[in-house]
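Peer 1: If you scroll down you'll find the structure; I have some questions about it.
The values are calculated or read from the model by the stated rules, or taken from the named source; none is laboratory data. Just so it is clear, the model here is predicted, and its values are computed rather than measured. Here the Cβ positions follow ideal geometry from the backbone for every residue, glycine too, while neighbour counts run over all protein chains shown. The protein model used for the area step is the full one, side chains on, heavy atoms only, and it has no ligands, DNA or RNA in it. Shrake-Rupley method; radii C 1.70, N 1.55, O 1.52, S 1.80 Å.
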Amino acid sequence: MTFDPFGIGTTFLSLQHAWLKRPEKLLEAQRECAFSMGMLNFNALAYMLGASPHPCTKAVSADERFADSIWHDNPVECLAMQNYLTYTRWLERLIYDTPGVPKKESRSGAFWTRQWLNAVAPSNFFWTNPVAIRKAWETNGASVNNGLRNFLADVVAGDVQTTDTAPFQPGSNLATTPGTIVFRNHIMEVIHYHPMRDKVHAIPIVMV
């Protein structure tokens, strides 16, 4: 039995079968991708020859991964960003527009694809992130050293720590009220915390 609580494998298997049933549409989509990537290479060649071509693909203003000007001013980094954005947007749209499957399934596939594509973005790796390299140069390697220390601390803790837990002491500045799970489903869990005094307010407080 395969461990797949979110049904990711089943979803992508269904999407794959749907596209295999329509090879002509898949070929058309692949041609579109090849054309877009070809335009990026043409722009790169034009730049090498002294021209100033406009970017084929631009990052949206809300995309903080490529907010730094170096992604746009440096031609090499700009080309890397455009390649990533062009391919990822094409793949997301391809999965979202999968013919012959329920929209719920194609939306689910597009969602999980987006999570993976976001994880492998060039901004998430040191050697493909010019901002991180520049910061390492400016700090004489201190930023890299701090990053390694944080990584090792996460390894020791067995978790990706997003806050310093040292100041929090259970029973001192962190509540430890006993409670009971009164309802649970695949979306939420309702916990009833037991009263610590004989008298309590008539109207309970609900925290979400």
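Peer 1: If you only keep lysine pairs separated by 8 or more in sequence, or across chains, how many in the chain come under 28 Å at the Cα atoms? Can you show the working numbers first?
Peer 2: Numbers: Lys21/Lys103; Lys21/Lys104; Lys25/Lys58; Lys25/Lys103; Lys25/Lys104; Lys58/Lys103; Lys58/Lys135.
Taking the chain as the scope, the lysine pair count is 7.
Peer 1: Can you give me the Cα centroid spacing of segment 9-29 and segment 95-159 in angstrom?
Peer 2: Value for the Cα centre distance between the two parts: 27 Å.
Peer 1: Given charges of +1 on the Cβ of Lys and Arg and -1 on the Cβ of Asp and Glu, with all other atoms neutral, how large is the dipole of segment 9-118 about its Cα centre, in debye to the nearest 20?
Peer 2: Using Cβ point charges on Lys, Arg, Asp and Glu, segment 9-118 gives about 540 debye.
Peer 1: Using the charge dipole of the chain (Lys, Arg: +1 at Cβ; Asp, Glu: -1 at Cβ; taken about the Cα centre), state which of Thr163, Ser123, Ile95 has its Cα farthest towards the positive end.
Peer 2: Ile95
Peer 1: Ok, one more. How large is the charge dipole for the chain, taken about the Cα centre, if only the Cβ atoms of Lys, Arg (+1) and Asp, Glu (-1) carry charge, to the nearest 20 debye? Provide the component values of the computation, followed by the final result.
Peer 2: On the way: 18 positive and 18 negative charges, 101 e Å.
It works out to roughly 480 debye.
Peer 1: OK, next. Report, in degrees rounded to the nearest 10, the 0 to 90 angle that the Cα long axis of helix 8-20 makes with the longest principal axis of the chain.
Peer 2: Orientation of helix 8-20: about 30 degrees from the principal axis.
Peer 1: Once you sort the root eigenvalues of the Cα gyration tensor of segment 135-208 as a ≥ b ≥ c, which label holds: rounded (a/c under 1.5), prolate (a/b larger than b/c) or oblate (the other case)? Please list the in-between numbers first.
Peer 2: Values: a/c = 3.56, a/b = 2.55, b/c = 1.40.
Taking the square roots of the gyration eigenvalues as a ≥ b ≥ c, segment 135-208 is prolate.
Peer 1: For the chain, which whole percent of the accessible surface, found with a 1.4 angstrom probe, sits on carbon and sulfur atoms?
Peer 2: 62 percent
Peer 1: In addition: I want the local charge near Ser123. Using Cβ-Cβ distances under 11 Å, sum +1 for each Lys or Arg and -1 for each Asp or Glu among the other residues. All intermediate terms of the calculation are to be shown ahead of the outcome.
Peer 2: Values: positive: Arg65; negative: Asp63, Glu64, Asp68, Glu77.
Value of the local net charge: -3.
Peer 1: Take the alpha carbon gyration tensor of segment 1-74, find the square roots of its eigenvalues, order them as a ≥ b ≥ c, and report rounded if a/c is under 1.5; if not, report prolate when a/b exceeds b/c, else oblate.
Peer 2: Values: a/c = 4.06, a/b = 1.70, b/c = 2.39.
Here segment 1-74 falls in the oblate category.
Peer 1: Suppose only helical runs count, i.e. DSSP H with n ≥ 4. What mean residue ellipticity at 222 nm does that imply for the chain under -39500 (n - 2.57) per run, divided by all residues and rounded to the nearest 500 deg cm²/dmol?
Peer 2: Working: 7 runs with 107 residues, N = 208.
After summing the helix terms and dividing by the residues of the chain, the value is -17000 deg cm²/dmol.
Peer 1: Label the chain by shape, choosing from rounded, prolate and oblate, from the square roots a ≥ b ≥ c of the eigenvalues of the Cα gyration tensor; if a/c is under 1.5 it is rounded, and otherwise prolate applies when a/b is larger than b/c, oblate when it is not.
Peer 2: Values: a/c = 2.98, a/b = 1.44, b/c = 2.07.
Oblate is the answer for the chain, as a/c is 1.5 or above yet b/c matches or exceeds a/b.
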